[in-house]
Amino acid sequence: MDQYIELINPWWYHKDWETKDKVIKKWMNMELRWIPKWIEYISLKPFSLNFIIGPRQVGKTTGLKLLIKKLLNNGFSSDEILYADVSLLPDIESFQNLLFSLKEYKYIFLDEVTSLERWWRPLRGSIDAGILENKIITVSGSVSIKLKKQAELFPGRGGKGKIIEVLPLSFPEFININEKGKLPTIKIMKLFNEYEKYGGFPSAVNEKDIFFQDLIKSIEGEILRAGLSIKTSLKIFSSLMEKIPSAMSYQAIARDIGISYKTVEQYLEYFENMFLLKTVYWKDKNVNFRKEKKIFFRDPFILRAVALWTETEFNPSAIYENIIQEHFYRKFGEIYYFRNSYEIDCIAGDMKVEVKAGKPHRKYPKNVLVLDKKDIPMFLANL
């Protein structure tokens, strides 16, 4: 145990520890690298229990290591900071022994906790026993759906801690990491052409096409860990790809592939909890949960990776509509659509936007903004 901990905390013994840490070394060698903004929101005041939640491959571990680097650069003692990759521990008893040995550390980072079943029990017990009093604990895991639910098992035990969602870069964030300051329209258009292909995952931004298989394997792994069927998942995704960006029902997908609509609903809910998809409900004055739904992919790279995985083509306009839907959802915390004699793809706050591949064939109400592909980059950059 002691040897394992020493190996993954190189800052204890080496001034040039960044060259010995694989995660930081990889980050430093990236062509395009940035310090994620979300690490600024992690509470560093005792007592804090922070939860870092997000899809696989989004850079949670890299963010934690960069926060450790920041603490050390700001003069914090290396002996106060401990990082543990819980996936390297053989069992829950080893995790419990680790927690009981943490009295001397102030900043504790527990990564990949969801690799151990019932990991939350010894952590909760250690907090209740006062072993972790006045500590700053940050917990993250790759199986985000589990971690999100398990965070709820710590009522009244979070102190000043926060639950932080880590997502791929939005288009405005993508602009900021590429260029600083005000950009000409032609440059923003060029960046959007890249963003619609590769999205905002750190590895996709840097490794481009190499990352497709890595993301697909991550999705498959999380589906298997949930006890769901890869074959059924492929069928559901394939049916979904053929229908987006149109509204659809669970029953329509179920008829396509010969399973119950309840199974479709269950799988889509799981994919949503994996941060792959988001369901958009119909809204006029009130939300109607029974009408057909729109379903969008939460990053362009996820959409393209799933298309490759299922060997299914999709309507190109889905990319543009999905990007705006995700942007609205992040900005307003809600997203709806409307369809009657005409359709409004994206409704959030006071904004109503219809995305068209070409010129609209009908008139829309004055409060509806109609965008085609060339309008979208500047609209998002200025929203």
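The values are calculated or read from the model by the stated rules, or taken from the named source; none is laboratory data. Note that the structure is predicted; figures quoted are calculated from it, not measured. A quick note on method: Cβ atoms are made from the backbone with ideal geometry, for glycine too, and the neighbour counts reach across all protein chains shown.
Within region 8-35, can you find the residues that are more than 28 Å from the chain's Cα centre (by Cα) and surrounded by 12 or more Cβ atoms within 10 Å (Cβ to Cβ)? Scanning region 8-35 gives PRO10, TRP11, TRP12, HIS14, TRP17. Counting only helices (runs of 4 or more DSSP H) that sit wholly inside region 276-383, those with at least 1 residues that are at pLDDT below 95 and among the hydroxyl-bearing types (Ser, Thr, Tyr) are 317-332.
Would it be correct to say that LYS45 is part of a helix (DSSP H, G or I) and among the basic types (Lys, Arg)? Spelling it out, it is not the case that LYS45 is part of a helix (DSSP H, G or I) and among the basic types (Lys, Arg).
Against the conditions (1) among the charged types (D, E, K, R); (2) part of a loop (DSSP other than H, G, I, E, B); (3) free of Cβ contacts under 8 Å to residues at least 40 places away in the same chain, GLU133 satisfies every one except (3).
Applying the criterion of being assigned to a helix (DSSP H, G or I) and in contact with a strand residue (DSSP E or B) (Cβ under 6 Å, 6 or more places away or on another chain) to the residues of region 136-176, the residue that is modelled with the lowest pLDDT is SER144.
Close Cβ contacts (under 8 Å, 6 or more residues apart or on different chains) running from residues in region 23-43 that are under 21 Å from LYS162 (Cβ atoms) to residues that are among the polar types (S, T, N, Q) and assigned to a helix (DSSP H, G or I) comprise PRO36/THR62. Within region 36-47, can one find any residue that is at negative phi, surrounded by fewer than 16 Cβ atoms within 10 Å (Cβ to Cβ) and of a type in the set (Phe, Trp, Tyr)? Yes, the conditions are met somewhere in region 36-47.
Checking LEU82, LEU98, LEU89, LEU102 one by one, the residue that is farther than 12 Å from TRP119 by Cβ, surrounded by 17 or more Cβ atoms within 10 Å (Cβ to Cβ) and modelled with pLDDT under 95 is LEU102 and no other.
The set of residues in region 296-311 being charged (D, E, K, R) and closer than 15 Å to PRO55 by Cα consists of ARG298, ASP299. Does GLU207 meet the test of being modelled with pLDDT under 95 and surrounded by 15 or more Cβ atoms within 10 Å (Cβ to Cβ)? Yes: the conditions hold for GLU207. Only residues that are acidic (Asp, Glu) and in contact with a strand residue (DSSP E or B) (Cβ under 8 Å, 6 or more places away or on another chain) were counted in region 101-135, giving 2.
Annotation note: of GLU112, GLU40, GLU80, GLU117, the sole residue that is within 30 Å of PRO300 (Cβ to Cβ) and out of contact with any Asp or Glu (no Cβ under 7 Å at 6 or more places or on another chain) is GLU40.
Restricting attention to region 266-281, the residues that are surrounded by 15 or more Cβ atoms within 10 Å (Cβ to Cβ) and among the acidic types (Asp, Glu) add up to 1. Among residues of region 141-165 that are more than 16 Å from SER87 (Cβ to Cβ), those with a Cβ under 7 angstrom from a residue that is of a type in the set (A, V, I, L, M, F, W, C) and assigned to a loop (DSSP other than H, G, I, E, B), sequence gap 6+ or separate chain, pair up as ILE145/MET274; GLY159/PHE47; LYS160/PHE47; LYS162/ILE42; ILE164/ILE42.
Residues in region 59-69: is at least one over 20 Å from the mean Cα position of the chain (by Cα) and either of a type in the set (A, V, I, L, M) or in the same structural domain as SER203 (by TED's automatic domain parsing) (or both)? Among the residues of region 59-69, at least one is over 20 Å from the mean Cα position of the chain (by Cα) and either of a type in the set (A, V, I, L, M) or in the same structural domain as SER203 (by TED's automatic domain parsing) (or both), which makes the answer yes. Of all the residues in region 267-321, those that are under 27 Å from LYS148 (Cβ atoms), of a type in the set (S, T, N, Q) and in contact (Cβ under 8 Å) with a residue 60 or more places away in the chain number 2. Count of region 77-94 residues, restricted to those that are part of a helix (DSSP H, G or I), closer than 17 Å to SER142 by Cα and in contact with a Leu (Cβ under 9 Å, 6 or more places away or on another chain), is 2. Just one residue in the set ASP299, ASP284 is assigned by TED's automatic domain parsing to the domain that holds TYR198 and either of a type in the set (Lys, Arg) or buried (at least 22 other Cβ atoms within 10 Å of the Cβ) (or both); that residue is ASP299.
The set of residues in region 184-207 that are assigned to a loop (DSSP other than H, G, I, E, B) and either among the β-branched types (Val, Ile, Thr) or without any contact (Cβ under 8 Å) to a residue 40 or more places away in the chain (or both) contains only PRO184.
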